[in-house]
Amino acid sequence: EAGVTQFPSHSVIEKGQTVTLRCDPISGHDNLYWYRRVMGKEIKFLLHFVKESKQDESGMPNNRFLAERTGGTYSTLKVQPAELEDSGVYFCASSQDPGPLHNEQFFGPGTRLTVL
Amino acid sequence: GEDVEQSLFLSVREGDSSVINCTYTDSSSTYLYWYKQEPGAGLQLLTYIFSNMDMKQDQRLTVLLNKKDKHLSLRIADTQTGDSAIYFCAVNTGFQKLVFGTGTRLLVSP
């Protein structure tokens, strides 16, 4: 069974440009999460989808970030316009069990974004 | 909100035991996790422990939880060079999202 996949693996853009990251969760997983790790710091939660609905977007840094999950399958995370501080590794994760306690999240390899 | 702290770096020799430590602030944390990230790969769940346990063992891995001190540790016995990676502690307070530490880079030398 395929795991969580993310595209692209790396992206280098200039400040002010737009970038769109894509995540394909494990088939059948209703829950999809985005996280971000800025260089050397902790991995921080950005948002959580249940199917196509945003369940929790409390971690989104500002309105330059837009996440979508049309049809409840893959998700995109768009940054427009990108700023230097947006550089980091963006992880996507998915999970099947919607229970509030043990919630094994399966992570993708991440997209490394560099904003110059 | 929840805060999770880890030391940044640990270096051991092959065959030794490694102990990676983590502290957290929210006493309502229910499940606590250890993830491993190898170069170029995603986060792999190694093990987890429920907050009503104080120890869990899984082959070479031992997780110890001290709820009073809000301290979690991961012990890797007979550490191998293939164990070199970044290890992340994460907690789930019941709101679906995971709160991670900064990660501890483990370097195992022959």
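Bear in mind that the values in this text are calculations on the coordinates, not laboratory data. Every value quoted in this text rests on a predicted model; they were computed, and no experiment measured them. Note that we place each Cβ from the backbone using ideal geometry, even for glycine, and neighbour counts take in every protein chain shown.
Numbers for the structure displayed
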{"item": "Pairs of lysines in chain A (C-alpha under 20 Å apart; 8 or more residues apart or interchain)", "result": "5"}
{"item": "Amide H contacts under 5 Å for B:GLU14, placed H, 5+ residues apart", "result": "B:SER109"}
{"item": "Convex hull (Cα only) mean projected area of the protein assembly as shown, reported in nm² to one decimal", "result": "12.3"}
{"item": "Cα lying deepest toward the dipole's positive end in segment A:36-113, options A:GLY88, A:PHE107, A:SER58, charges on Cβ", "result": "A:GLY88"}
{"item": "Rounded Å value of the spacing that divides the Cα centres of segment A:1-76 and segment B:21-55", "result": "22"}
{"item": "Max mean-square fluctuation residue, GNM over chain B, Cα-Cα springs under 10 Å, options B:GLY82, B:GLY40, B:GLY15", "result": "B:GLY40"}
{"item": "Check: chain A dipole with +1 on Lys, Arg Cβ and -1 on Asp, Glu Cβ, in debye", "result": "320"}
{"item": "Chain B: equivalent-ellipsoid semi-axes (sqrt of 5 x gyration tensor eigenvalues, Cα, Å)", "result": "23, 15, 12"}
{"item": "Which of B:VAL99, B:VAL91, A:VAL50 has the fewest Cβ neighbours within 10 Å, and the rest in rising order", "result": "A:VAL50, B:VAL99, B:VAL91"}
{"item": "When segment A:1-90 is reduced to its Cα atoms, the Kirkwood hydrodynamic radius in Å", "result": "13.6"}
{"item": "Normalised contact order of chain A, rounded percent, pairs of Cα under 8 Å and 6 or more residues apart", "result": "37"}
{"item": "Residue with peak Gaussian network fluctuation, chain A [Cα springs, cutoff 10 Å], from A:GLY59, A:GLY28, A:GLY40", "result": "A:GLY40"}
{"item": "Proxy reagent accessibility, fewest Cβ within 10 Å first, across A:HIS10, A:HIS48", "result": "A:HIS10, A:HIS48"}
{"item": "Per-selection Rg to Rh, segment B:16-66 - Cα, Kirkwood hydrodynamic radius", "result": "0.98"}
{"item": "Candidates B:GLN96, B:GLN80, B:GLN57, ranked by Gaussian network fluctuation over chain B, Cα under 10 Å, top entry", "result": "B:GLN96"}
{"item": "Karplus (6.51, -1.76, 1.60) ³J(HN,Hα), θ = phi - 60°, over segment B:100-109, in Hz, Gly and Pro reported as x", "result": "9, x, 6, x, 10, 7, 9, 10, 10, 9"}
{"item": "Nitroxide proxy distance, nm - points 7 Å out along Cα→Cβ at A:LYS51 and A:LYS78", "result": "2.4"}
{"item": "Sparse-neighbour loop sites [trypsin sites (Lys or Arg not before Pro); segment A:57-116; at most 15 other C-beta within 10 Å; DSSP]", "result": "A:ARG64"}
{"item": "Likely footprinting exposure, A:TRP34, B:TRP34, fewest C-beta neighbours within 10 Å first", "result": "B:TRP34, A:TRP34"}
{"item": "Point-charge dipole on Cβ atoms (K/R +1, D/E -1) for chain B, about Cα centre, debye to 20", "result": "100"}
